[in-house]
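Where a number appears in this text, it was derived from the coordinates with a stated rule and is not lab data. Keep in mind that this is a model prediction, so the values were computed, not measured. No Cβ is skipped: glycine too gets one built from the backbone with ideal geometry, and neighbour counts run over all protein chains shown.
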Amino acid sequence: MTAASDTITNATAVAIEAQRESTAQGRQDVRNLPPNLNHWYALARSSAVGDTPLAVEIWGMAIALYRDDQNQVHALEDRCPHRQVKLSHGAVVGQNLECAYHAWQFDAQGNCAEVPYLEANQKLPSCKIRSYPVREQDGFIWVWPGDRALLDAPVEIPENAQANAKAPVPLAIPEWDHLNYIATVSTIDCEAHFSFLIENLMDMYHGHLHRGFQAWASASLETLEETPDKVDALYTAESYYKIDKIWSISQLFFPALRQLHPEPLRVTYAYPNWTSSLGDDFRIICLFVPISPTHTRAHLIHFVSLNAFWRLHKLPLRFRRFIKDSLFGAAQKMLDGLVGEDVVMLEEEQAAYLGQPDRRPYELNRACLAVQRLIANQATQTAP
Ligand code: FES
Ligand SMILES: [Fe+2]
C-alpha cells in the first residue's frame, strides 16, 4: 500500500468509524457524517499561494499547495515519503516541490524527481505521493480530494443525466472579477462539525443574534426546494441596506443612514458550498472546508453590487478597477463581527452535542431538516 492510499484510508476510516457508531445506535447522526469528498473544495485563496508552499487540510488529509515557476498551482500530499515530514516546510524549485530536510524533490504528479546525494549505482526511489487535481478560479485554489476517476469520467445520475454528462466544475463566482462588485472576505474557523455551520447559514431566523450589526430582520420562510445536491430556501425579510445612490456605500459605516425595507432573502446549500442573496445589492458565498468531525473552516465572501450606478459603468475600465480594488474589504468589520457571533454559537452547539450526544435538539425550521437529509445523502457517495 502506498503512502498516498494510506492517507485516504486513514481519513476515511475516521469517518466510516463515526458513521458505524451512529448506525449502531440505531440512527444516522448527522453530526458525525463525513462530507462527500467527490466535489471541488476551495482550500485557499489564490493570494495565499505565493513563492512558498502552503499547508492546507481537508477531512484528515494534509495537502501542500505550491505555485511553480510557470505560475501553475499544484497540490501534493503534505508528507515526504523519505522521513514523513511535511513537504509544505520546503521550497519550490522550478516545477518541483523540494523537501526541507534532505532536499528530495517531487514533481506535480507526486513522483520523486531528484535526490541530491544519489550514489553512482543508485536509482531514484520509486516512492510516490498522492497528487490532487487543482484549479485556480475566481480568486481561490480549488482541489478535488475525492476519487479522481469520478472527475475524469463522471457517472451519470439518471434523474439529472444532462447536468452530469459533463465533468464537475468548481462553483462559479463571477462577482469576484466583475467590476460592479465590491468584495470582502472573512475566514471562519470553528471547532464544530460542518453541519452546524450550514444549518446556521440556512436558518435565517437567527437574525436576532446579529441585531447589533443590523444584518437583516423579520425573516419568514416562504418556499423550500430540495434536489439530490441542493437545498434552496426563499425567505421574505427586511434589509437595512439599499445601494441605489452613489453615497449608499456609506451605509456600511453609518447606521443612521440605514432604513428597514422588504427584500427577498434566498439561501442555497449548493453542496458543499452555500450561496445567498439579499435583494439585488448583496450576495454572500460560503466556501466550506470540513477539516474533521469537530473542526470546520470556510471562506465567507460578501459582495456589494454597484449595478445601480450606470454612470459609473461609463468610466474607463482602469478607473472602475481602481474603485473595486480600493473598496475591497469595505464590509470587513461587519462580516468579521457576524462570523465572531456565529462561531460562539456553533462551538457551544458542538460542545453540548459532545457532552450529551443522545439529547436531541428541537428543530422547527424545515430548511435545517432538508440540509440534514442532503448531508446524509451526500455522505453515502463519498470516496470508499
Ligand atoms: S525527509 Fe524529506 S527529503 Fe528527507
Ligand atoms: Fe449568522
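Every helix of 4 or more DSSP H residues in the chain counts as -39500 (n - 2.57), and over all residues that averages to -7000 deg cm²/dmol at 222 nm.
The spacing between the stretch 267-332 and the stretch 47-102, judged by their C-alpha centroids, is 29 Å. Mean sequence separation of contacting Cα pairs (under 8 Å, at least six apart), scaled by the length of the stretch 174-379, corresponds to a relative contact order of 32 percent. Dipole check for the stretch 39-151: with +1 at the C-beta of Lys and Arg, -1 at the C-beta of Asp and Glu, and the Cα centre as origin, the magnitude is about 280 Debye.
The stretch between ALA103 and GLN72 holds 9.0 nm of extra length on full extension. This uses 0.36 nm per residue minus the Cα-Cα distance. Between GLN122 and PHE213, the simple spin-label model (points 7 angstrom out along Cα→Cβ) gives 5.4 nm. When averaged across all projection directions, what area in nm² does the alpha-carbon convex hull of the stretch 174-379 cover? One quarter of the hull surface, i.e. the mean projection, equals 11.8 nm². In percent, what relative contact order does the stretch 39-151 have, based on Cα pairs under 8 Å that are 6 or more apart in sequence? Relative contact order, the stretch 39-151: 27 percent. Averaging the sequence gap over all C-alpha pairs within less than 8 Å and six or more residues apart, then dividing by the number of residues, gives the chain a relative contact order of 19 percent. Here the convex hull built on the C-alpha positions of the chain has a volume of 163 cubic angstrom per residue.
With a Förster radius of 56 Å applied to the C-beta separation of ALA308 and ALA149, the computed FRET efficiency comes to 0.75.
Note on CYS80, CYS190: ascending count of other Cβ atoms within 10 Å places them as CYS190, CYS80, the fewest first. Projected over every direction and averaged, the convex hull enclosing the alpha-carbon atoms of the stretch 189-311 yields 8.4 nm². Taken about its Cα centre, the stretch 174-379 carries a charge dipole of roughly 980 debye when the Cβ of each Lys and Arg holds +1 and the Cβ of each Asp and Glu holds -1. Restricting attention to the chain, lysine pairs at least eight places apart or on different chains and with alpha-carbon atoms under 20 angstrom apart total 8. Ordered by the number of other Cβ atoms lying within 10 Å of each residue's own Cβ, fewest first, THR223, THR268 fall into the sequence THR223, THR268. Here, the stretch 267-384 has an Rg and a Dmax of 19.0, 61 Å when only alpha carbons are counted. By the count of neighbouring beta-carbon atoms within 10 Å, fewest first, CYS112, CYS127 end up ordered CYS127, CYS112. When restricted to Cα atoms, the stretch 39-151 yields an Rg and a Dmax of 13.9, 48 Å, respectively. Extension gain, VAL169 to ARG258: 0.36 nm times the residue separation minus the Cα-Cα distance gives 28.2 nm.
Rounded to the nearest 20 debye, the dipole size of the chain about its Cα centre is 780 debye, using +1 on the Cβ of Lys and Arg and -1 on the Cβ of Asp and Glu.
The trypsin sites (Lys or Arg not before Pro) of the stretch 279-384 meeting both criteria, a DSSP state outside H, G, I, E and B (loop) and at most 16 other C-beta atoms within 10 angstrom of the site's C-beta, are ARG311, ARG359. Take the Cα of SER46, step 7 Å toward its Cβ, do the same at LEU364, and the gap between the two points is 4.5 nm.
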